[in-house]
Structure formats: C-alpha cells, structure tokens
1. Looking at segment 571-612, which of its residues are in contact (Cβ under 8 Å) with a residue 40 or more places away in the chain and of a type in the set (D, E, K, R)?
2. Say whether the condition of being modelled with pLDDT of 95 or more, closer than 24 Å to Ser159 by Cβ and not polar (S, T, N, Q) is met by at least one residue in segment 70-82.
3. So which residues in segment 93-119 are at pLDDT below 95, of a type in the set (Gly, Ala, Ser) and under 25 Å from Asn323 (Cα atoms), if there are any at all?
4. Sort out which residues of segment 154-185 are part of a helix (DSSP H, G or I) and either at pLDDT below 95 or of a type in the set (Val, Ile, Thr) (or both), and write them in order of number.
5. Of these, Ser318, Ser373, which one is surrounded by 18 or more Cβ atoms within 10 Å (Cβ to Cβ) and under 30 Å from Leu239 (Cα atoms)?
6. Tell me which of these Thr209 doesn't satisfy, since it passes every other one: (1) farther than 20 Å from Asp331 by Cα; (2) part of a loop (DSSP other than H, G, I, E, B).
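The values are calculated or read from the model by the stated rules, or taken from the named source; none is laboratory data. In this text, all values refer to a predicted model and were calculated from it rather than measured experimentally. Note that we place each Cβ from the backbone using ideal geometry, even for glycine, and neighbour counts take in every protein chain shown.
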Amino acid sequence: MHPIAFSSRLAQRHARSIVAIGLVVSLLAGLSGFLSTPPLARLDHFVLDTLLRHSTSGKPAMRTVVIDIDDVSLSALGQWPWPRYRMASLIQKIAAQKPAAIGLDVLFAEPDRSSLVNIQQTFKHDFGIDVAFDGVPEGLLDNDGYLGYEIARAGVVGSNYFYFDHVNKGAAPFASGLSFDGRRDLLTLPAASGVLVNAGAIASQTKSTGFVNNQIDEDGVLRRLPLLIGHGGEVHPNLALATVMRSLGVSSGSIEADGNGPVIHIGAHRVPIDASGFSTLRFDGPSSTYASLSAVEVLNGSVRPEDLEGKIVFIGSSAVGLNDIHNTALDPRLPGLKVQAVMAESIVNDDAIRMPSWAPLASFALCLVLGLSMAALFVVTSGVHQAVIGSLLLLLSTVLLSVVPFVRAGLFVSPGAPIVVVVTLFVAFFMTRFAIERRRARVWQRQLENARQVTIESMASVAETRDPETGAHIKRTQHYVKAIALQLRRSGAHADILTKEYIDLLFLSAPLHDIGKVGVPDHILLKSGRLTPEEFQVMKQHAEFGRRIIFSTAQRIEGDNFLIIAGEIAATHHEKWDGSGYPNGLAGENIPLSGRIMAVADIYDALISRRCYKEPFTHELATTLMRGSRGTTFDPAVLGAFFAIEGEIKAIAGRYGDEVKEVVVIGAPVRELATVQ
C-alpha cells in the first residue's frame, strides 16, 4: 500500500488561508486563556490536579498536627457544642506539651448559655431571684471568660469569618492583632463588608486571629485558599498564615514582589500569592498524611509529649454532622481542619505552588507561536504521518513547558489554551488539507479520465487513418454498446458484471475494437470488391493484432486498467455464438460479454453504413438480416436487448450519421451478413 500523503506544495491562496486560520484560532484561544474562560479553566484545573497528584512526596507531614473533635470524642464526652470550660481544658492540656503555636478552627459567636453567670442573670431577669453557687472558683462562673483566659494564656490564634453581603451595624473596629505592610499596591484583595467573631468575653482576650474563609472552584473542588482579605482598611490573614506567624514569633509581615509576582514575607519565609491574595494548596498526600489526634485522647492524657511538642497545632472538628468536608485533588473528603494543616505545612516548607504573574502573557505568546508552527507544519509537510508526528511533538512540548517548571520550581503555567490551539488546529488543518487533497484528487481523476479518453481516441485515430470506415462509425458503435449494456442491466441480465464502472469502461473502450486493422496491408484493407479466401484470412488477423497491440500497452499500466476490456473487445467481437467466428472459435458464454455486445453493435453499423465494397442498407433490411442470425452469430439475450431499444438505436444512428443518402441494395441476406464480417 502507498503511504497516505499530502501534495508537497500548496497553492499560495491555500497556504495563506491556513496561516490565517492558525492566527485566528491562536488569538481566540490565547484571549480565552488570558480571561480564564470556563472551558479553559476546567482544562487548567485538570492539568493542575494531575500534577498535584503525581508530585506528592507521600511522606507524613512533620510540622503540623490537628486535634480533632471527632465523632469518637463527641460520643464519649457529649454532643456539640461542648461547654466552653471543656474547650478551655483541651487548650490547657495541649499548651502543656509546648507546641510551637495553636490555631483554633472553631468560632464561638454566641455566649455560652450553660455558664453559671448566665444562669444567675436569667433567674434574676425572669424571676427576680438572686442565685448563688457555693464552692465554685470565681473563674469558672463565666465559661466564655474562662475560655478566653486560657486562649490568652496559651497564645492561641482565634478564628473569625468574613462575609461580603452585609455590614456589621454598630460593630467596633475589628483588628486581627497582625499587620502587613510593604507593597500593598500590588494586591487587589477581596474587600469584606462584615466579620463574624467570637463572643465578647473570648474575643477581648484573644491577641491574634485568622479567618477561616475558603473559596471552592466552579467544579466543586477546593484548590486555593485566600491568605489575605481586606476589611476596614486593614489586611487580615488566614488562620493557617496567622498560626504560622505565631509559631515564628512575628506579628507582622511584608508584601513584596519578585520576578514571579507578589509574596508575603514572614520571618525567613516567603509565601507566594496572586494579586487577589490567594495561594494554591500543595499536598504531601491524602488526608492520612497529616497527623491527627482525637480530642478525647488529649483530654484523657493518653498522647505522648513528642506528638505535640514544637508542632503547629490546629484544633477543630471533622465530625460528620458539622459538614466541614472538602473535595480536593488528593482527597475527595478532606476535613476543613486539615486544610489549615496543608497550607501551614506548605508555608513552613517553602514549597507552595506559584501562579506566576507573567503566566497569562506567556500562555498567550505560546498560543501564537504554536498557531504559526502548526500552520507552517501543514503548509510544508507532504505526509500525513509527518503532520501527525509534528503535531504530537508540539503538543508534547506544550505539556513539558508546563510540567518542567512545576516540578523544578513549583511554578504552574497554564497549558490549557496552548493545548487547545494544537488540538483544534490539528483537526482544522487536517480537514482543510484533506478537503484540498480531495479536490485535487477529483481534478487529477478528471485529468486521468481525459488522458485515458485522449489515449483511446488517439489509438483509434491510428486505425482510422488506414481504415475506410469513418470516425462516425466509432461514435455510433460506442453509443450502441452503452445503450445495449444499460438495457441488459435494466432487464436484470449479467447484473454482477454490468456495474456502472464496467459500462463506463465499455463505452471508453469500444473505439479500439478495430485497431488491429493497422496491421492489415492496404491492398486488402482498401479493396473495393470481395476478398479472396486468402485475403480474408489475412483480414481476420486484425482481431489478434488488436489484442496484441492493446495488451502490450496494458502490461505497462499497474493494476486493473481500462485497456483490459478494450483488449477483450478487439480480440472477440468477431466470435460467433455458435462457435463459427474467429480468431479462436469461441462459443456461447465463453465469449466475453464485451465482445458479444460489440458484435451486435459493429455488425448493425456495418450493415447500415457505406463501405468500399457495398452501399448502406436500410435499418429494416439490416435488422431483418440480424434476426435471422439469432443464436448463430449473436447472443440471443444481447440481440434481444438491442431490439428492445430499437428506437434509441435508430436515434443514435441518425445523430452520428455519415451524411450520405441511403441506397437500397437487393441481395441475399445471409450472403450480405457474411460479407460485413
């Protein structure tokens, strides 16, 4: 088989069209990537998730631990919410193990109604009764105050939650206890209109806080956390960031810029963020990678000191009823408590994912380069395999330009738009080249058909220069043959042979039926009277001459070709149904169908045409002679098809006449039929 190939050169207008298509697709894809439209964003998410899954270390997280108020703890110590004194006791137990910092991923916005002081106030208000409690330490009368006291004593980082849909009326100015200066002009942070904080007795004693907001992507997956949010003219930190700052002993950070965009400088660490203050989560593995201790174990004193000492601790709950569960690239059910641990580990390990500020522009430029490269590839390539391999190499290069920076430097450069350019242009250009080549093939096919027709007509003209028969004879027999073949097909005869292609070739080949006459001497070919038996023997050789001439040419053409049928016709159109014909005395079905059809057409036209040895017969006399030779000279079925379209035959004879008047010649029918043979 021949390899599939394009033409080696394209017309300039086609080449310009391909380049124009490449530019338009590149610009549209680059612009869509620059604007992060949803379809391309989904592709970017898929690539990022794949990179995150395949770049995890798999090693247990060493710098953080979470204290989980899990279902086991709730079952053992009572349902949520726990009394504030129990939370205070939990913090006290943790602080005793000297962790680096404690972050409390729980909000206590409402006062604890189980506090003894609240009970006293309720009885006084509702019943006017003063209730006293004997033997209770002063600090335990107010659970919120007690919790606030333990939070302050342990330096716990508290939680808050920003919202953006309404304003706190009459609320006091909120301060996180942490500040950020430097290049704040680099950022366009989400601006919160309000904030939810702990109850007053707790909030007043909490020295620093961090927000617990997060933002899910449109496909329901959590990939990024806001590390900074603006509120009240100040910049406030995320709980993970605030807790890490506490572990470092710093109360302020600085916004700086490097070659990849803004960073938060805290202590010796630089945390990369985007202009909106978001940072991408970097996972060491699934949820089990991040150490977790049950709160009930801590309260029971069954944890080892080394489990907490020097660690950044987050207190929260993964209990099913609280529904703080997130779908992430590594774990479809990651507790929100561990999300804080993931971010804190990333900050202290300095391995956070970076979305460089130059990435959108680089992606746009890459789209243009790929568009022009794909256009050049499909303009100059001459093979489909070359086009496919070239496109795959460009696609692989695009993927590597995203993978290598991610693996080596944690930089994620969006490959979505460039991938779309390569794939879209491959399909578009392949279809365009296919359409161009198909059109070229049709033009080439027409040229081949024209060349074939010219070849046949040229070969037939050679015979015409020596044969007294006219070119009109060739036209008439050509159309007789086609008309008879079509009638046979309509009647259902020889349906397996008489395909459209076969009939077309029959029509093209008919003019060569007497090409062998070029080998007959002039004194025989042009003799005006009857041929002697010896001369007739020489004349009969023209059938064999025709077969040899045509088949010698056919052997030089690879595969099946139009000259095969031409050779059959030349060799067998003088064979007779009863086997008395020449040159091989074939009989019945042994005579090729093409030869049997040609015999009817040729003899009819010879009878009605002027020859150097005879005048033309009338149609009626010619057909009378032919009816008398049914089953002897002619195949009965072919002759029947001839007479079924007798009107069409007469019309063909009239359309391609020799422009001579018919002359009636009286003679013996059998003798005259033999003469034209």
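1. Lys576, Asp578, Arg596, Asp602, Asp605, Arg610, Arg611
2. Step one: list which residues in segment 70-82 are modelled with pLDDT of 95 or more, which gives none.
No, there is no match, as no residue in segment 70-82 is modelled with pLDDT of 95 or more, closer than 24 Å to Ser159 by Cβ and not polar (S, T, N, Q).
3. Ala109, Ser114
4. As a first pass, look at segment 154-185 and keep what is part of a helix (DSSP H, G or I): 154, 184-185.
Within segment 154-185, Arg184, Asp185 meet the criteria.
5. Details: Ser373 fails: under 30 Å from Leu239 (Cα atoms).
Testing whether each residue is surrounded by 18 or more Cβ atoms within 10 Å (Cβ to Cβ) and under 30 Å from Leu239 (Cα atoms) leaves just Ser318.
6. The number of the failed condition is (2).
Conditions (1) buried (at least 19 other Cβ atoms within 10 Å of the Cβ); (2) closer than 28 Å to Glu501 by Cβ; (3) of a type in the set (Ser, Thr, Tyr); (4) modelled with pLDDT under 85, marked per residue:
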{"position": "Ala543", "(1), (2), (3), (4)": "yes, yes, no, yes"}
{"position": "Gly546", "(1), (2), (3), (4)": "yes, yes, no, yes"}
{"position": "Gln555", "(1), (2), (3), (4)": "no, yes, no, yes"}
{"position": "Phe562", "(1), (2), (3), (4)": "yes, yes, no, yes"}
{"position": "Ala571", "(1), (2), (3), (4)": "yes, yes, no, no"}
{"position": "Leu586", "(1), (2), (3), (4)": "yes, yes, no, no"}
{"position": "Pro592", "(1), (2), (3), (4)": "yes, yes, no, no"}
{"position": "Phe617", "(1), (2), (3), (4)": "yes, no, no, no"}
